[in-house]
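The values are calculated or read from the model by the stated rules, or taken from the named source; none is laboratory data. Please read all numbers here as calculations on a predicted model, not as lab measurements. FYI the Cβ positions are ideal-geometry reconstructions off the backbone, even for glycines, and counts take in every protein chain you see.
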Amino acid sequence: MSIRLKEAINTAYLLCDALEKSEAWDKNNTSPAREIFRGELFHFLLNLSFTDAKLTGAESRFIKEYLGFDYSVKEMREYAITHRVYGSDFTNNLPYCFKAFVKADNDMDGVKETAKLILNLYRQLGQAYIKCDGATKNETYSLTLLCDNMEAYIDSKLIESVNDTFGKLQDELNKVAVPVDNKTVPLKNVDLSDIKTASPQTEATQEQAVEEEKEPEKTLDELLEELNILIGLEKVKEDVNSLINLVKIRKIREERGMDSPDMSLHMVFSGNPGTGKTTIARLLAEIYKAMGLLSKGHLTEVDRSGLVGGYVGQTALKVQEVVNKAKGGVLFIDEAYSLTVNRGATDYGFEAVDTLLKFMEDNRDDLIVIVAGYPKPMEEFLNSNPGLKSRFNKYLYFDDYTPEELIGILKLQAKKADLVLSEEAEKFATEFFTKRCENRPENYANARDVRNFFEKALINQANRLAVLDKIEDSQLTTLEVEDFNTIIL
C-alpha cells in the first residue's frame, strides 16, 4: 500500500506538470502546479486531523513520509492556527488543482480519467492517513463527504457538456451522490431545487437574484451630496472633490478626441481608526461607477489574512481570487503595512505585494486599489517595494475628529435610532469627549469610540427603564445624563 500510494502521488505530480501546460491552467499563477497541488494535499490532511480535534505524532510522521513536510505536532498545530487552515466547510471547498484537472478533461472531448485519478488519490491518501493512528467516525465521514463532492463536481461538469434530451440528462444526474442534511444520498432521491453542489449554475443564479433585489443606483449628484454632508473630513472631502473634477475634465477631453496623460486612481488612505476611511472608499467606488470609470462600483474589503497564504503558490491564488472579486470596483486593503512587516522564508507577504502589483497593472482599466493604515507604518510599507510608490501616487490623510465633530456623530447615531439627547446628557457628552481629545491616546479610535459610547448608553438606558412599571414614549426616545455618567472607555 505504501509503495503504491507514493507512486500515485508521484504520478499526480507528473500530471500537474502536464496540467500547467494546458489551457485549463491559469497562466497568472507564479508557482509550479505540483507545488500548489502538494500544498493542497497538506491542507487536506490537516483538515482531516482537526475533524476529530486531535493531531498525533503518527499523523505528523505520515505527512513527512508522503508529502515531505517535516513538522512536529506542535509546529503543525501552530501552522494550522496561524494560517487558518482548518475550516468546518472544507469538504465543500474543492481543491483548486482538482477543478483545473476537471476543466482539462472537459477540454479533451469529455474524457474524465485524469480528474478521477486525482479523486482516487485523495480517497486513498485520506484513508491511509486516518488509519495510521486509528480512524474515527468524524474523520471517515469528512473524507467520504469531500470525495462525494469531488465526484459530484466531475459529474456536474459532464452534465454541462451534455447536449441531449432531458431523459439522458436525468440519467446522468441520478448517478451523482451529494450531501444533504449532513448525509450522502443519491441525487435521484433529492429535490433538485435544493442541490447546491450538483449545479454549477446555483451560485450564478443566486448572484443574479441579489442583483435584481438591489435598490436603484444613486446618481452622481446624490452621491456627491452624500459625500459632502459627512461630518468632519473637510480636507478629505476637498481632495476627493478635486480628484473627481480632474476625472471629469479628463473624460471630457477624451470624448472630444484630445490626448490625456495616463492617470492612476490607486490611493493611499492614512489615519487613525474610525476616521471614515472605509466610508470614503465605499463612496468613491459608487461615484466612479456613476462616472463610468468602474463597471460595478462595489467595495471589496480585505486584510493580510485574505491575501497571504501559508505555502508556496497559495498566496498568488488568494490574491487572484480577491482581485477577481474586486474587478469593476474598489479593492480596499486595511492595515496594508502588515503585508511587509516580516521578511522570511515562511512569510509570503512580499509575494502578495508583488502579485498584487502585477494584477493592478493587468486590470488598471476596471480596478482601483486603496491601501489604508496608520500614517507611519504606511510610509514604511510604500518604501518596501519600488513599484508601490509609482502605483500609489494619491494620498489622503484622515485627521482625527474634533470634540464638536464627535458630538455631531453621536447625535447622528442617536437620530438614526430614533433617539435624542437631553440637554444635560449632551452637555455631559461634550465635556467627556473634550477631555478625551485633550488626552487622546495613541491610535485613538475616533468614531468607533463614539459608537462604543453610544452602545453602552443604550444598555444603561435599558437597565434604567426596565424596572419601571410604566414607561412613557418620551422616556424610550431620550438618553439622559445618567445613561452616560457611568461610562468608561
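Would you point out which residue out of ASN439, ASN393, ASN485 is at pLDDT below 90 and more than 38 Å from the chain's Cα centre (by Cα)?
ASN485
Condition check ((1) within 30 Å of MET378 (Cα to Cα); (2) charged (D, E, K, R); (3) outside the structural domain of VAL371 (by TED's automatic domain parsing)) across all residues:
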| residue | (1), (2), (3) |
| --- | --- |
| ILE409 | yes, no, yes |
| LEU412 | no, no, yes |
| LYS415 | no, yes, yes |
| ASP418 | no, yes, yes |
| ALA425 | no, no, yes |
| ALA429 | no, no, yes |
| THR434 | yes, no, yes |
| TYR444 | yes, no, yes |
| GLU455 | no, yes, yes |
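Look through the stretch 191-250, keep the residues that are of a type in the set (S, T, N, Q) and at pLDDT below 50, and return whichever of them is surrounded by the most Cβ atoms within 10 Å (Cβ to Cβ).
Only one residue fits best here, namely THR197.
Please work out if ILE368 is within 27 Å of ALA285 (Cα to Cα), crowded, with 17+ Cβ neighbours inside 10 Å and out of contact with any Lys or Arg (no Cβ under 9 Å at 6 or more places or on another chain).
In short, yes.
List every residue pair whose Cβ atoms sit under 9 Å apart, with the two residues 6 or more apart in sequence or on different chains, where the first one lies in the stretch 306-331 and is on the phi > 0 side of the Ramachandran plot and not assigned by TED's automatic domain parsing to the domain that holds LEU294 and the second, anywhere, is outside any loop (DSSP other than H, G, I, E, B) and surrounded by 20 or more Cβ atoms within 10 Å (Cβ to Cβ).
Within 9 Å, no pair qualifies.
Take the residues of the stretch 447-482 that are surrounded by 15 or more Cβ atoms within 10 Å (Cβ to Cβ) and outside any helix (DSSP H, G or I): which is farthest from the chain's Cα centre (by Cα)?
GLU480
Does SER384 satisfy being within 27 Å of THR275 (Cα to Cα) and assigned to a loop (DSSP other than H, G, I, E, B)?
yes
Return the residues of the stretch 14-38 that are basic (Lys, Arg) and in a helix (DSSP H, G or I); say none if nothing qualifies.
Within the stretch 14-38, ARG34, ARG38 qualify.
What are the residues in the stretch 229-252 that are part of a helix (DSSP H, G or I) and either of a type in the set (A, V, I, L, M) or more than 16 Å from ALA281 (Cα to Cα) (or both), if any?
The answer is VAL236, VAL240, LEU243, ILE244, ASN245, LEU246, VAL247, LYS248, ILE249, ARG250, LYS251, ILE252.
Cβ contacts < 9 Å: first residue at positive phi, restricted to the stretch 423-447; second residue surrounded by fewer than 17 Cβ atoms within 10 Å (Cβ to Cβ) and part of a helix (DSSP H, G or I), any location; separation 6+ or different chain. Result?
Taking only residues 6 or more apart or on different chains, not a single pair turns up.
Among the residues of the stretch 63-74, what is the count of those that are under 18 Å from TYR13 (Cβ atoms) and in a helix (DSSP H, G or I)?
The number of residues fulfilling the criteria is 5.
Just to be sure, is LYS289 in a loop (DSSP other than H, G, I, E, B) and over 18 Å from LEU396 (Cα atoms)?
no
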